[in-house]
1. Among the helices (runs of 4 or more DSSP H) lying completely within the range 215-274, list those that include at least 3 residues that are over 28 Å from L373 (Cβ atoms) and open to solvent by 40 Å² or more (accessible area, probe 1.4 Å).
2. Out of the residues in the range 341-371 that are of a type in the set (A, V, I, L, M, F, W, C) and over 18 Å from L88 (Cβ atoms), state the one that is modelled with the highest pLDDT.
3. I'd like to check which helices (runs of 4 or more DSSP H) are fully inside the range 103-192 and have at least 1 residues that are surrounded by fewer than 17 Cβ atoms within 10 Å (Cβ to Cβ).
4. Could you count how many residues in the range 83-95 are modelled with pLDDT of 85 or more and either surrounded by fewer than 17 Cβ atoms within 10 Å (Cβ to Cβ) or touching a strand residue (DSSP E or B) at 6+ places or on another chain (Cβ under 9 Å) (or both)?
5. What's the number of the only condition in (1) hydroxyl-bearing (S, T, Y); (2) closer than 24 Å to L380 by Cα; (3) open to solvent by 40 Å² or more (accessible area, probe 1.4 Å) that Y287 fails to meet?
6. When you look at G280, is it within 22 Å of the chain's Cα centre (by Cα), small (G, A, S) and open to solvent by 30 Å² or more (accessible area, probe 1.4 Å), yes or no?
7. Could you grab me the full set of residues in the range 372-382 that are modelled with pLDDT of 90 or more and either open to solvent by 10 Å² or more (accessible area, probe 1.4 Å) or not in a helix (DSSP H, G or I) (or both)?
8. How about the range 347-382: which of its residues are more than 20 Å from Y126 (Cα to Cα) and of a type in the set (A, V, I, L, M)?
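The values are calculated or read from the model by the stated rules, or taken from the named source; none is laboratory data. Being a predicted model, the structure only gives us computed values, none of them experimental. Positions of Cβ are backbone-derived with ideal geometry, glycine not excepted, and every protein chain shown enters the neighbour counts. Heads up: the accessible areas ignore ligands, DNA and RNA and are worked out on the full protein's heavy atoms, side chains in. Shrake-Rupley method; radii C 1.70, N 1.55, O 1.52, S 1.80 Å.
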Amino acid sequence: MSVIAWCQLVCIWKPAPIADEVFHLTAVSEIAAGRWPAPGYLSMLPTYHLVAALPARWLGSSLLLLRSFNLLLAVAALLLLDRTIRRLDAPRESLLLVAWNPLLFPFWTLAYTESAMLLTLVAGVYFHVRGRRLAAVAALLASCFVRQSGLIWLLFIAAWDAADAIAAHPSRGQRRSPLAAIVIRVTWPYLAAAVGFLTFIRTQGGFSLGAWQFGSGRPNIAQYYCFGLAIALLWAPLWIAFLAGPFGLELRNSFRRPLVLAALLGGVGILEMGFSNPHGWNGDPHYLRNRLLIALSTSVPLRFLIAAILAAFVPIVVVWTRRQPRHAMLTATWAVTALYLAPHSLVDPRYYVPPLLLLGGFATYSRGMGRMLAAWNFVLSAAIGAYVLACGGQTGGVL
């Protein structure tokens, strides 16, 4: 209901396009009229725009229609996520943590590709946990065509599927098939889809993809600054409760050891010296994350402060992960997330939604903590929503 209410509020309060909505609306309108957008107009494949153009062709292209279309995708994604959470036996509050994720909440209805991306990714996870491999591959391949970086999560689900298959087979002495044969039998549809997608991008992607000077894959350490701060902020109640417990006391005592302090200082130095903000779009002060990046670029004390917070935060996350029942899946997700963020030169908190979705699904916490996290994320989403309504416009005013 909160997502529907947000859609109504945005459509009433902000009937004009906000930030990049104008580009997506234009692309949908062009396709609905039978004209493809010029190469370079979009920095992604026009899959979302092609699908959205179908109702636009019948009902007429408008921002209200496109936002309503996104709302339908959002509701479908949340309904499917609810069923996925039940299958994973994850905390029921995980659904609210996604619905009220402040990095995602404004885009549930704005004319961006987030709802479509999340729907296809959730569908892939859902079909995987149901054991319907080909359907999972199809959904994840669709996710790649919505957002190219979905390729990482297609391969992640392939590895997850292979791990489940290995765990389900008897020990080596009792196993009928060699381990390699089991892995190949499970992963070949995923790998075939990945190769097919990469071949398509290599040979045919130029008909729509462009703006490579902004979207080329280059590591940006500022991406890890912002991702670390996002994890610390969004899950703040969990970290505070963890540090207040017995494991937190042990962790705090470890910070007094000379080797640990030396490692922390080394981490601070690496983060501070490696910081840069090279992407042109991250210099626009109309976006919240850019204000932080601009401040970090111009203030050495602030960079040292944030670097110290992040360096101290890493061992907290490591210890917490090791104490989790599903620590293997969480560790794998953290590692894949680090790889996933590497080619993203543009710092944008929307990129953090897929890993947060998976991390939240694998994490275990009490119902009371789940409610606290949900309430905290709702407060953050309300604050972001108020910012969008107050400052949103064609020049920016979003995350």
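1. Values: elements: 221-234, 236-244, 246-254, 258-274.
Those helices (runs of 4 or more DSSP H) span 258-274.
2. Taking the range 341-371 and keeping what is of a type in the set (A, V, I, L, M, F, W, C), we get 341-342, 346-347, 353, 356-359, 362-363, 369.
With the extra rule that they be over 18 Å from L88 (Cβ atoms), the set shrinks to 341-342, 346-347.
Numbers: L341: 89, A342: 85, L346: 85, V347: 86.
For the range 341-371, the residue satisfying everything is L341.
3. Helices (runs of 4 or more DSSP H) meeting the threshold: 133-146, 150-168.
4. The qualifying residues number 1.
5. Going through the list (1) hydroxyl-bearing (S, T, Y); (2) closer than 24 Å to L380 by Cα; (3) open to solvent by 40 Å² or more (accessible area, probe 1.4 Å), Y287 breaks only (3).
6. Values: within 22 Å of the chain's Cα centre (by Cα): yes; small (G, A, S): yes; open to solvent by 30 Å² or more (accessible area, probe 1.4 Å): yes.
The answer is yes for G280.
7. Of everything in the range 372-382, those that are modelled with pLDDT of 90 or more and either open to solvent by 10 Å² or more (accessible area, probe 1.4 Å) or not in a helix (DSSP H, G or I) (or both) turn out to be M372, A375, W376, F378, V379, L380.
8. Once the filter is applied, which keeps residues that are more than 20 Å from Y126 (Cα to Cα) and of a type in the set (A, V, I, L, M), the range 347-382 yields V347, M369, M372, L373, A374, A375, V379, L380, A382.
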